[in-house]
Amino acid sequence: MLLSFTDIGLILAFLGASGIVVNQRNLLISVIAIELMFYGFNLYLIALSVYLDDLMGEMLALFVLTLAAAESALALALLTAYFRTYKDILIWEA
């Protein structure tokens, strides 16, 4: 059971990292990919914490979740400011 949860967490983190590498034009998709990395890391931490019967992993996952929420709010504010300035959310035109 542990291997399936850790595998899913690592796959989510890898998908988030590959989403940042593959998509370099749209800011919104890059923010979503970063959030996906955070959630994959959280799932990995919680699975290991339950397996090792240790609360430190769950507390770290709660801290990372708080950090992800703050990052999301800041990214949304920056995205709004960028859109007001350039009238588009693409980083560069193709």
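One residue stands out in the stretch 1-55 among those that are more than 16 Å from the chain's Cα centre (by Cα) and among the acidic types (D, E): the one that is farthest from A77 (Cα to Cα), namely D53. Surrounded by 17 or more Cβ atoms within 10 Å (Cβ to Cβ) and either in contact with a helix residue (DSSP H, G or I) (Cβ under 6 Å, 6 or more places away or on another chain) or among the β-branched types (V, I, T) (or both), is that true of Y51? Against the criterion (surrounded by 17 or more Cβ atoms within 10 Å (Cβ to Cβ) and either in contact with a helix residue (DSSP H, G or I) (Cβ under 6 Å, 6 or more places away or on another chain) or among the β-branched types (V, I, T) (or both)), Y51 does not qualify. Scanning the stretch 58-82 for residues that are of a type in the set (G, A, S) and surrounded by 13 or more Cβ atoms within 10 Å (Cβ to Cβ) yields A61, A68, S72, A75. Just wondering, is there one or more residues in the stretch 73-92 that are in contact with a Leu (Cβ under 9 Å, 6 or more places away or on another chain) and among the charged types (D, E, K, R)? Looking for residues that are in contact with a Leu (Cβ under 9 Å, 6 or more places away or on another chain) and among the charged types (D, E, K, R), one finds none in the stretch 73-92, hence no.
Residues in the stretch 1-40 that are touching a Phe, Trp or Tyr at 6+ places or on another chain (Cβ under 8 Å), loosely packed, with under 14 Cβ neighbours inside 10 Å and not aliphatic (A, V, I, L, M): R25 alone. Residues being over 30 Å from K87 (Cα atoms) and not in a helix (DSSP H, G or I) are entirely absent from the stretch 35-48.
Considering only the stretch 61-94, state which residues are of a type in the set (V, I, T) and not in a helix (DSSP H, G or I). Can you show your working first?
Step one: list which residues in the stretch 61-94 are of a type in the set (V, I, T), which gives 64, 66, 80, 85, 89, 91.
Answer for the stretch 61-94, where residues must be of a type in the set (V, I, T) and not in a helix (DSSP H, G or I): I89, I91.
Readers should treat all values here as calculations from the given coordinates under stated rules, not as data from a laboratory. The model shown is predicted, which means the values in this text are computed figures rather than measured ones. Neighbour counts are summed over all protein chains in view; Cβ atoms, including those assigned to glycine, are modelled from backbone coordinates with ideal geometry.
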